[in-house]
Amino acid sequence: MYNLIRERLQDSIQVKQLLIDNELIQAAISKLSDEIIKAIKNGNKVVICGNGGSAADALHFAGEIVGRFQRERNSWPAIVLNADVATMTAIANDYGYENVFARQAEGYINSGDVFIGISTSGNSENIYRATVAAKRKGAVTAALLGNGGGRLGKETEQPIIVPSSNAARIQESHITLIHIICEIIEKGLL
């Protein structure tokens, strides 16, 4: 049991070491943070979505933006498309699950907003369609991904791809990146 614990902790450290060593990923994190700062300064919002564990990460991300991360401050606008069960199930029933986020993106996103999809595989069809819809509405599109980025890595303007194919290690890295982005945003806006 202790060997398993140490192995998983070491696995997580190794993936994070790859993030430390990759200046392109660090540049992408910085650029996305700058886009979010710019959007909030201009009166725009952040729109986020994910499935499963990535849905929970989307909620966590928005909570840090709307509530606070580490500093007392005013609230900033963030919407999570996977948070509204009634809307999601209505859209899924009428238009199919692959459209649950795209339909909301069409309704909520304005030019100048920042859309962030979270997908460990990079191939979530509903997030892919939402990215396309967000682009059409004039949003900056970004994604937190893994597995080489998948379809989303090619579609989004600002992909941040965790260099792993293990969903657990990708999700652990995503939450670390979310915290880093939130810290940069707070420093940039305060």
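The values are calculated or read from the model by the stated rules, or taken from the named source; none is laboratory data. All of these numbers come straight from a predicted model, not from anything done at the bench. Note that each Cβ is placed from the backbone with ideal geometry, even for glycine, and that neighbours are counted across all protein chains shown. Just the protein is used for accessible areas: all its heavy atoms, side chains included, with ligands, DNA and RNA removed. Shrake-Rupley method; radii C 1.70, N 1.55, O 1.52, S 1.80 Å.
Evaluated against (1) in contact with a Cys (Cβ under 6 Å, 6 or more places away or on another chain); (2) charged (D, E, K, R); (3) farther than 23 Å from HIS179 by Cα, GLU64 falls short on exactly one condition, (3). When the test is whether a residue is open to solvent by 80 Å² or more (accessible area, probe 1.4 Å), modelled with pLDDT of 95 or more, more than 14 Å from the chain's Cα centre (by Cα) and within 25 Å of LYS137 (Cβ to Cβ), ASN3 does not pass it. Segment 92-190 holds strands (runs of 3 or more DSSP E) entirely within its bounds, and those carrying 1 or more residues that are open to solvent by less than 10 Å² (accessible area, probe 1.4 Å) and closer than 18 Å to GLY43 by Cα map to 114-119, 140-145. Given the condition farther than 17 Å from GLN17 by Cα, polar (S, T, N, Q) and touching a Leu at 6+ places or on another chain (Cβ under 6 Å), answer yes or no: does some residue in segment 142-157 qualify? No, that holds for no residue. Selection within segment 43-84: residues that are assigned to a loop (DSSP other than H, G, I, E, B), touching a residue at least 40 places away in the same chain (Cβ under 8 Å) and hydrophobic (A, V, I, L, M, F, W, C). The member of this set that is surrounded by the fewest Cβ atoms within 10 Å (Cβ to Cβ) is PHE69.
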